[in-house]
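Coordinate-derived values only; no laboratory data. None of the values given here were measured: they were computed from a predicted structure. Neighbour counts run over all protein chains shown; Cβ positions are idealised from the backbone, glycine included.
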Amino acid sequence: MLKLENISYIVEEDGLNKTILDNVSLTFEDGKTYVITGPNGSGKSTLVKMIMGIETPTTGNIVFNGISLDGLQINERANLGISYAFQQPVKFKGLKVRDLLDAATGKSNDFKTLCNYLSAVGLCARDYIDRPLDGTLSGGELKRIELAMAICRKSKLNIFDEPEAGIDLWSFENLTKIFRSLGEATNIIVSHQKKILEIADEVILLKGGRVEKVGKYKQVLPYIQNNQCDKLRGEHE
Amino acid sequence: MNKIEKALLEKVSGLHKIPAGAVNIRRNGEIVKRNSTSEIEIVPKTDKSGIDIFVKPNVVGKSVHIPVLITVGGLDDLVYNDFYIGENADVTIVAGCGIHNSTCNTSTHNGIHCFHISKNSKVKYFESHVGEGEGSGGKVLNPITKIYMESGSQMHMETIQIEGVTSTIRKTFASLKDNAKLMVTEKLLTTDFQTAKTQFDVNLLGENSSVEISSRSVAKNYSVQEFKSNIIGKNQCFGHVECDGIVLDEARIVSIPKIDAADNNASLVHEAAIGKIAGEELTKLMTLGLTKQQAEETIIQGFLMGDN
């Protein structure tokens, strides 16, 4: 179980304090899939970065399976069983897809295993394992490999920040299949997409850095439709 | 050869033992082993230290190994090796030098290699430089490579120096005729107070001649590197220089690329990027469970050992 307790994040901009997250408390139960949604700038990505340790809350505490994550480095959190797929995949000069999947799993994988990891995201290992993870791959390919890196770790908690962004021709159906296939894991997905919200056990709507509503998709939907964000509302009408 | 020499030989040339083909192994300024074949002849120079290597025309798929080992301190070794590659040949040449210096006196190797590459022949040239040994004496390597390429010839030069070399000045000069093609990949890692200077001077004389130079380097601690390149296009030709550097700690990398289109049909490009390891690369690897140090090592390993 993951608990966020009174998380606030305040940054200084032009000499003024700006509140990005305002006293957010949430509980994520084991084995469930949560989708965090909300308008741009509502604090969704910042919130999940705090779980991974990429950002540090100004106040508040995060507890994962009874362990306070306060002060733990990103890698220590990863080794407790948290995986994270970035919204914008990181490129490397020289590191190959195989190197990254080996790093993600902490071992040297044979071809068959790498094939399993990549075919889960619709890629053929033969074409990709020796490719460098750089600008020679398309945005969609990078994104799918980013997902494969998170999934292959078989973590207790998976965080996906806008997994649908840049998924080129690959369909949302495949993406939702992946989330359904993650078995016992807890999944936290940041998304705007209706099809992804529909698979959530619970949808969390953030607005202005605060939790506006938590519930089943149909319960949260009216709040999304009342939301002032045109893009988000458009997705759900 | 003793254990140290065998280990050094493997590091420099990838050889576990002395190979059967054309070979010339030089140790502490003297020849340990020399072997010619019916297709590749190695002849000692009579006027100065060094060898002439003659590859006969149309020889395909053969290799020559000419590693140099230095295992004593206070040696200043100078050698001239000239390669004459016959027409339509396709060969691999493995050179390189390893210095194991356990003394407080500096040892230096100055290897001057000159390639005469005939029409339509192809050469793959691997050069590896290694410095090791606990002694405070310097391990200095100053290679000079001169490449003369006739019409339609190709050369791929891979040069690598990973740690241990106290100081190096590496100069490469090339002159290319019609349709000749040169590719150079350089990989450098310096640490402590080491210095490395690299200079490429390329003359693109011939129509449709081309050169691609890719340098990747990592400077750690207080080490200093300087990369200079000067490509002159004197015909319809193509030249591309790319210099990527990662600086860590208090290290410094200076890059001075120069391109000169002496003919208005020349197309020349240079790119240079120097900086720290990108924070997002470290963060990504840490989300996979690597410590910051492991992430740094993984990124540097990939950067230096991956394909350019």
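Brief remarks on what is shown
- Net charge contributed by nearby residues that have their C-beta within less than 9 Å of B:I231 (K/R +1, D/E -1): -1
- Relative contact order [Cα under 8 Å, 6+ residues apart], the range A:2-235, whole percent: 27 percent
- Rounded to 5, the percent of DSSP beta bridges in the range B:3-305 classed as antiparallel: 5 percent
- Sum of side-chain charges, B:I162 neighbourhood, beta-carbon under 12 Å (Lys, Arg +1; Asp, Glu -1): +1
- Stokes-Einstein translational diffusion, the range B:98-246 - Kirkwood Rh over all Cα pairs, 0.692 mPa s, 37 °C, in µm²/s: 207 µm²/s
- Taking the C-alpha atoms only, the angle from helix A:217-226 to the longest principal axis of chain A is near 60 degrees.
- Divide the volume of the convex hull around the Cα atoms of the range B:3-305 by the residue count and you get 135 Å³ per residue.
- Bridges between two residues of the range B:1-141, per DSSP, are antiparallel at a rate of about 20%.
- In the protein assembly as shown, the DSSP beta bridges split such that about 20 percent are antiparallel, to the nearest 5.
- Evaluated over the Cα positions of the range B:1-147, the convex hull gives a direction-averaged projected area, one quarter of its surface, of 8.0 nm².
- Counting Cβ atoms of other protein chains within 10 Å of each residue's Cβ and taking the mean over peptide A:95-102 gives 3.
- Whole-number D in µm²/s for the protein assembly as shown (Stokes-Einstein; Kirkwood sum over Cα pairs; 4 °C, 1.567 mPa s): 48 µm²/s
- What the Cα atoms of the range A:2-235 give is an Rg and a Dmax of 17.8, 55 Å.
- Scaled radius of gyration (Cα, divided by 2.2 N^0.38 Å) that the range A:30-145 gives: 1.23
- Value at 222 nm in deg cm²/dmol, rounded to 500, when DSSP H runs of n ≥ 4 in the protein assembly as shown each add -39,500 (n - 2.57): -6000 deg cm²/dmol
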